[in-house]
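Here the structure comes first, spelled out in structure tokens, and everything after it is commentary.
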Amino acid sequence: MLKLSEKYADRPAEEYPMLFQRILQNTIRDHYRRQKVRSMWTTLLSALTGKQNGENDDYDPLETMEVGRESNPFDTPHRQLERSQIAKLIDEGVKSLPTRQREAFLLRYWEEMDVAETAALMGCSEGSVKTHCSRATHALAAFLKKKGIEP
């Protein structure tokens, strides 16, 4: 309702039901899409920190997940260790970014905000957001390459 009143107040009243329906559908889709991505990243990043909602330092949600061995026959203990080490390096790399680059990177790729939303939230231009994101991704790539990780 707020989006409708903020963006379409100048439209004729006959268009409101159709506009409201479209806004509602898009908002619901965005919610579920973001929820899915956050769930994936939360699992990954909670494994990096080892903490979740104030739990003890030894808790790792990935260790408690039950997955059948047949689900991925190529997932050896060596590959699991390798993936967890890479995830730790990525977390370290993100933490080492300058504040504005880290903020832009997380908003764009973690929160899946578009450039305009990110710019509005950060209080800067869209071009600045693109610059910060580009510099962040290049810095992360260089950081990982320096650590011996290449695509």
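Does Lys88 satisfy the condition of being basic (Lys, Arg), surrounded by 12 or more Cβ atoms within 10 Å (Cβ to Cβ), under 25 Å from Asp30 (Cβ atoms) and within 17 Å of the chain's Cα centre (by Cα)? No, not satisfied. Open to solvent by less than 80 Å² (accessible area, probe 1.4 Å), modelled with pLDDT under 80 and on the phi < 0 side of the Ramachandran plot: does that describe Gly93? So Gly93 fails the test. Can you tell me which residue in the range 129-151 is farthest from the chain's Cα centre (by Cα), limited to those that are over 13 Å from Leu89 (Cβ atoms) and among the β-branched types (Val, Ile, Thr)? Among those residues, the one meeting the criterion is Thr131.
The values are calculated or read from the model by the stated rules, or taken from the named source; none is laboratory data. All values derive from a computational prediction rather than experimental measurement. Backbone-built Cβ (ideal geometry, glycine too); neighbour counts: all protein chains shown. Please note that ligands, DNA and RNA were not included when accessible areas were found on the heavy atoms of the full protein model with its side chains. Shrake-Rupley method; radii C 1.70, N 1.55, O 1.52, S 1.80 Å.
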